[in-house]
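Throughout, read-outs are computed from the coordinates displayed, never taken from laboratory work. Computed from a predicted structure; not experimentally measured. Using ideal geometry, Cβ is built from the backbone for each residue, glycine included, and neighbour counts are taken over all protein chains shown.
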Amino acid sequence: MKSKFLSFVLAIAVIFTFSAFAQTGSAATPSTAPPTTSSPAPTAPATAPVPTGSGKVGTINIQEAIFACNEGRRDMDALQKKYEPKQAELKNQNDELESLKKQLSTQQDKLNDEALANLKKQIDGKQKTFDRAVQDAQEEVGNQQQDIASRILSKMAPLIVKYSQDNGYTMIIDTSKPWPQSPVLWWNPDAVDITKNVVEAYNVQSGVAAPASSAGATKPAARPPALTTPKPATPKPTEPPK
């Protein structure tokens with residue numbers, strides 16, 4: 001049976017909302033009223049001051065902005081190449097495990113008790129080793145993806161704030177996750193999304209050229225480039241059918 005591959009992308013949870021409210025006007029001077037000694041009448045709750053800005057609300061997909069900018073694509077390409085040997089190693093382990101499981105499936109009724117027990121023990125040991133290796137690789141790659149994202153975000157965040165202020169936005173909402181994981185139910189990307197503009201501005205600010213492998217891309221990638229590891233082989237029945 002051919003081994004299957006699992007494309008995994010460690011989701012980078014970034015709850016990232018910017019507020020750039022304009023300064024409010026000075027409070028209105030209260031009207032003069034004669035003092036009274038009677039119990040004060042209940043008053044209405046104070047009304048929060050309303051921002052004097054235009055009230056524009058924008059959206060940005062932070063995850064897309066981070067991994068679609070030239071710096072993000074460059075660093076993810078480098079990370080992909082770095083782990084190609086590990087992917088090949090995991091594929092070999094998975095192929096070997098699948099071969100042993102196929103052997104068990106086709107020969108288990110022909111093997112004596114000792115040979116059958118040894119084969120099952122060998123499969124169990126290799127399965128645990130493989131599962132552990134996959135988990136370690138996923139965690140290691142995920143941590144490095146997180147490092148890349150954190151580093152780029154620390155430089156991109158001030159740019160997003162400045163862009164929002166310069167263009168009259170009073171709030172920018174992150175849409176990296178779909179509803180209901182995100183509180184945003186619906187938005188019109190063509191009208192309010194600033195992701196593409198931020199990516200273009202960050203590319204200018206960073207001075208990083210587009211990676212050669214994707215220099216001809218016309219729009220940002222929808223998600224971080226996927227790093228792949230073999231999917232852990234599914235255990236098969238080790239006893240002959242009754």
Completion exercise
Here the gain from full extension of Leu111 to Trp179, 0.36 nm per residue of separation minus their alpha-carbon distance, amounts to 19.0 nm
Completion exercise
In nm, the gap between the two label points placed 7 Å beyond Cα toward Cβ at Lys121 and Ser154 is 5.2
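Please tell me which of these pairs span more than 21 angstrom C-alpha to C-alpha: Lys81/Lys128; Lys101/Lys128; Lys81/Lys196; Lys81/Lys177; Lys101/Lys126; Lys162/Lys196?
Table pairs above 21 Å Cα-Cα are Lys81/Lys128; Lys81/Lys196; Lys81/Lys177.
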Completion exercise
With x for Gly and Pro, the residue-by-residue ³J(HN,Hα) of region 68-77, computed from phi through the Karplus equation 6.51 cos²θ - 1.76 cosθ + 1.60 at θ = phi - 60° and given in whole Hz, is 9, 5, 4, 5, x, 5, 4, 6, 6, 4
Problem - Globularity index of region 53-221, i.e. its alpha-carbon radius of gyration over 2.2 N^0.38 Å - result: 1.56
Exercise for the section: Quick one: which residues, 5 or more positions from Asp193 or on another chain, have an amide H under 5 Å from its amide H? H modelled 1.01 Å from N in the peptide plane, none for Pro or chain starts. Expected result: Thr59
Practice task
Apply 1/(1 + (r/R0)^6) to the Cβ-Cβ distance of Glu200 and Ala88, taking R0 = 41 Å, and write down the FRET efficiency to the nearest 0.05.
Solution key: 0.65
Problem - Lys/Arg +1, Asp/Glu -1 at C-beta; region 53-221 dipole; positive extreme among Ser164, Ser99, Phe130 - result: Ser164
